[in-house]
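A.B. asks: Structure provided below as structure tokens; questions to follow.
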Amino acid sequence: MKKALTLTVLLFMASMLQAEDFRSITDVANRVAPWLKGKVQVEKVPKSSGKEYFELSTYKGRLQVKATTTSAAGMGINYYLKYYCNRHYSQTGSNLAPLDKLPEIEKPVRVETPFKYRYFLNYCTLNYSSSFWGWKEWERELDWMALNGVNLALATIGTEEVWLNTLRKYGYTDQEILKFLPGPAFNAWFLMGNLEGWGGPISMEMVKERTQTAKKILARMRQLGIDPVYQSFYGMAPNSLKDKFPKAKIIDQGKWAGGFKRPVILLPGDSLYNAMADTYYREVKKLYGNFSFFGGEPFHEGGSAGGMNVSEATHNVQKEILKHFPNATWVLQAWGGNPSPTFLKKLDPKHTLILDLFGEMGNVWEKRKGFEGHPWVWCIVNDLGENPSMFGKLDRMAKEPFRAMNSEVGKNIAGVGAMPEGFMNNPVTYDLIFDLAWHSSTFDINEWVKGYIKARYGRLTSDMFQAWNILLQTAYRSEPYFYQEGGTESIFCSRPDLDLETTSSWGTSKLYYDYSKMKPAIEHFIKSIDSLGNVDAFRYDLIDFTRQIIANEGRETYYKMNAAIKAKDHETFDQQAKLFLEQMNDQERLLSTRTGFMVGPWIEAAKKQGKNAADKDLYEQNARMQITIWGPLDPNTNLHEYAHKEWSGILNDLYIPRWKMFIEANRNAIAGHMVEKPDYFSLEKKWISNRNVYPIQPQGDLLEVAKELLIKYSN
């Protein structure tokens, strides 16, 4: 009897522990859709054949989720929301209206994933999207990750205090260290070894604040079954290290984009490297605990081996990681030729994972023959600089991971993921990449989009079905194949000039689809306003679609204006210049109707992070700098407009004044006057240094303004 009682108690405790493991997932469901509270029951089950899965059923008005992991459970809840409740959760418009009664599942539905990893985030994302997030924004984002089955994500916030605690032990003063660390809008490029100090110096208060936020993020990720990828010590160090340790093997890394001086590389394997790595990883563990994954690697977008034995050096980086975290994996970015075969030669594949970033555009995994046998993850980038553009190769996304899985060279594929430089746009692409992770083979993208429409708007309407069919053939097309880094850029955001082909140095302002074939979608959006206008997800899609239409119209007007300048046709030039400015003012008016398309919330979020006047000013400077000149303060930097935003406020106060300068100069030139090229750089610097306050609340009625403008531009 006593033994039986003991066994009963143990079984009860085990079940309680099991419920504890999944409580965080039900908490997510309750936060996202409060009407689910008390109606979701989650149970942990063992893996089948080593694969993760979830099983859904309903009983007495409650959803029952059996799942092998917390991330599988999260995906299961989202699967039910999307495909049974016709509800949708995203960072860019949601459809979560409450249901009085949960839809029944006639017989249990079981879904498994063939992919070990579902990866999310790019170093750049943590600046272009979330530079100025507090815990409220991060909690919402982590909820989204959990509901999309993400189980591996970059989490490099809070490295500043690790660096402080490390460098103090090697003769650095706090002032020297803070000078080395970047400003809050430029951490990504510091961690990737592209620059040091830009946007700083930050204060000790800012360092402590970021540490506290990092601790909350990491704790929640672990609760939700999302393994954080923290920053490794791969040898990146201050240029001043050469002065403090002249005998150490330190390799100059030259310059990065914009002319930024890169941090040096302290040769992995050098005695100083070994000592600093020990200190660094001890400080990581002391502040944030244990990790199973580390990111960061030398030679990102350039750099120099400087005569080092690369294979030996990278082996030493991995060796130091494993010395402190024996079960850890070094996560590497396949980008710009990195990691080379030489880089990988001496790495242990069991402790290496490669992220093939640009899967939607290229087949690096195929050209590299599966990265010489190392496990890898098929990823999309889709967005550069979080620039505004409707874009995404949806059909290719639905096919390529499975083609890789079934090919000889791709068989080491271990997952799929999204690595956008910014993710506050194109929600369909992120839904698709994490949804396909739970498919075992390719599928019809047209059928998938039907399900997406039902979830996104609450029902499948004829007009939105037709509108999305048009978008699949235009903005979201895959075939015929074309190569393009990010979506087509808005000409409105360009630094004005003749014969413009790009807004940023690596982008393009050319359309990859026939715009005339996109315009029929206007009618379907207009017809949907009355019936779907109360759905927030539709409102987001409506304003973004209207923005894209006006941007496309502006591009066509620019070409006509450009031709008139060359022909010295004063009358046509005046007509097209007037129309171009009218289109820009229409865009300004449209974008002021929703906060996600306004510059005010971006700047105010930055200022909110500062705890005193000086910090608030530095945060605002970072916010304004990143989306304009970027850096350094040089009119010839090739980084200007890289992170441009087609937002209300900056359109009115920077982009329109720039184009007015261009128009006036060319009007005078056509009239035969000697004209100097306008000084756009001074205007840009002035906008960065201004401290005018922008609205953070929408101005005007989104539905009315969008409808009026769509009718205007439908002809």
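Taken together, the values in this text are just the output of simple stated rules run on the coordinates, not laboratory data. If you're wondering where the values come from, they're calculated on a predicted model, not measured in any experiment. Note that we place each Cβ from the backbone using ideal geometry, even for glycine, and neighbour counts take in every protein chain shown.
A.B. asks: Identify the GluC sites (Glu not before Pro) of the stretch 386-461 meeting these criteria: DSSP loop state and at most 13 other C-beta atoms within 10 Å of the C-beta.
C.D. replies: GLU408
A.B. asks: Give the cross-link partners of LYS116 among the lysines, using a straight C-alpha distance below 16 Å as the criterion and excluding same-chain residues fewer than 8 apart.
C.D. replies: LYS47, LYS51, LYS350, LYS411
A.B. asks: While we're looking at this one, here's another question. With θ set to phi - 60° and the Karplus curve 6.51 cos²θ - 1.76 cosθ + 1.60, what are the ³J(HN,Hα) couplings of the stretch 423-432 in order, to the nearest whole Hz, using x for Gly and Pro?
C.D. replies: The phi angles translate into 10, 8, 6, 6, x, 4, 5, 6, 4, 5 Hz.
A.B. asks: For the stretch 274-387, with only Lys/Arg (+1) and Asp/Glu (-1) charged at the beta-carbon, what is the dipole magnitude about the Cα centre, in debye rounded to 20?
C.D. replies: I would put it at about 520 debye.
A.B. asks: Among 327-335, 458-466, how do they line up by average Cβ neighbours within 10 Å per residue, starting with the highest?
C.D. replies: Ranking, from highest mean packing down: 327-335, 458-466.
A.B. asks: Just name one of GLY392, MET674, PHE402: the one whose Cα is farthest towards the positive end of the charge dipole of the chain (beta-carbon charges, Lys/Arg +1, Asp/Glu -1).
C.D. replies: Looking along the dipole axis, the top candidate is PHE402.
A.B. asks: Now a separate question. On average, how much area does the Cα convex hull of the stretch 117-448 cover when viewed from any direction, in nm²?
C.D. replies: It is 15.8 nm².
A.B. asks: A follow-up question, please. Under the √(5λ) rule applied to the eigenvalues of the Cα gyration tensor, what semi-axes describe the equivalent ellipsoid of the stretch 23-74? Give them in Å, descending.
C.D. replies: Semi-axis lengths for the stretch 23-74 are 21, 13, 7 Å.
A.B. asks: Please identify every one of the chymotrypsin sites (Phe, Trp or Tyr not before Pro) in the stretch 471-505 that sits in a loop by DSSP and has no more than 10 other beta carbons within 10 Å of its own beta carbon.
C.D. replies: For chymotrypsin sites (Phe, Trp or Tyr not before Pro) across the stretch 471-505 that sit outside H, G, I, E and B with at most 10 neighbouring Cβ atoms in 10 Å, the list reads TYR481, TYR483.
A.B. asks: Counting other Cβ atoms within 10 Å of each Cβ, which trypsin sites (Lys or Arg not before Pro) in the stretch 226-318 have at most 16 and sit in a DSSP loop?
C.D. replies: Counting only loop positions with at most 16 other Cβ atoms within 10 Å, the trypsin sites (Lys or Arg not before Pro) in the stretch 226-318 are LYS247.
A.B. asks: Let me ask something else. Return P(r) of the stretch 16-112 (all Cα-Cα pairs; 5 Å bins starting at 0; whole %; ordered from short to long distances).
C.D. replies: 3, 14, 26, 26, 19, 9, 3, 1
A.B. asks: Which ³J(HN,Hα) values, rounded to whole Hz and listed in residue order, are derived for the stretch 119-127 from phi using the Karplus coefficients 6.51, -1.76 and 1.60 in 6.51 cos²θ - 1.76 cosθ + 1.60 with θ = phi - 60°, glycine and proline given as x?
C.D. replies: Karplus-based 3J(HN,Hα) across the stretch 119-127 equals 9, 9, 5, 10, 3, 5, 4, 5, 10 Hz.
A.B. asks: Rounded to the nearest 0.05, what FRET efficiency do LYS677 and GLU104 give with R0 = 51 Å and r taken as the Cβ-Cβ distance? Could you check?
C.D. replies: After rounding to 0.05, the efficiency reads 0.15.
A.B. asks: Rounding to the nearest 20 debye, state how big the charge dipole of the stretch 95-188 is about its Cα centre with +1 on each Lys and Arg Cβ and -1 on each Asp and Glu Cβ.
C.D. replies: My answer is approximately 260 debye.
A.B. asks: Report the convex hull volume per residue for the chain, counting only C-alpha atoms, in Å³.
C.D. replies: Dividing the Cα hull volume of the chain by its residue count gives 175 Å³.
A.B. asks: Let me ask you something else. Could you give the dipole magnitude of the stretch 117-448 about its Cα centre, charging the beta-carbon of Lys and Arg +1 and that of Asp and Glu -1, in debye to the nearest 20?
C.D. replies: For the stretch 117-448, the charge dipole is close to 1040 debye.
A.B. asks: Applying a 10 Å radius around every beta-carbon, put 25-31, 378-384 in order of their mean neighbour count, most first.
C.D. replies: Going from most to least packed, we get 378-384, 25-31.
A.B. asks: For the stretch 48-164, what log10 I(q)/I(0) values come out of the Debye formula at q = 0.22, 0.23 1/Å, with one point per alpha carbon and no solvent?
C.D. replies: Values, matching the q order: -1.27, -1.33.
A.B. asks: OK, next. For the stretch 495-551, what mean projected area does the convex hull of the alpha carbons give, in nm²?
C.D. replies: 5.4
A.B. asks: Now for a different question. Report, please, the projected area of the stretch 293-408 averaged over directions, based on the convex hull of its C-alpha atoms, in nm².
C.D. replies: 8.3
A.B. asks: Also, quick follow-up: How large is ³J(HN,Hα), in whole Hz, for each residue of the stretch 628-641 in order, when computed from phi with the Karplus curve 6.51 cos²θ - 1.76 cosθ + 1.60 and θ = phi - 60°, using x for Gly and Pro?
C.D. replies: Those phi angles translate into 10, 6, 6, x, x, 6, 9, x, 9, 4, 7, 9, 4, 6 Hz.
A.B. asks: Along the positive direction of the dipole of the stretch 117-448 (beta-carbon charges: Lys, Arg +1; Asp, Glu -1; about the Cα centre), which of TRP189, ILE251, ALA155 reaches farthest?
C.D. replies: ILE251
A.B. asks: Sequence-distant or interchain residues sharing an amide H contact under 5 Å with GLN231, placed H: which?
C.D. replies: HN-HN under 5 Å from GLN231: GLY295.
A.B. asks: Antiparallel versus total DSSP beta bridges in the chain: what percent is that, nearest 5?
C.D. replies: 35
A.B. asks: Taking the Cα centroid of the stretch 523-556 and of the stretch 644-665, what is the distance between the two, rounded to the nearest whole Å?
C.D. replies: Each part's Cα centre sits 23 Å from the other's.
A.B. asks: Run lengths n ≥ 4 of DSSP H only: what is the helix-derived mean residue ellipticity at 222 nm for the chain, with -39500 (n - 2.57) per run over all residues, to the nearest 500?
C.D. replies: Calculated from helices alone, the mean residue ellipticity at 222 nm is -14500 deg cm²/dmol.
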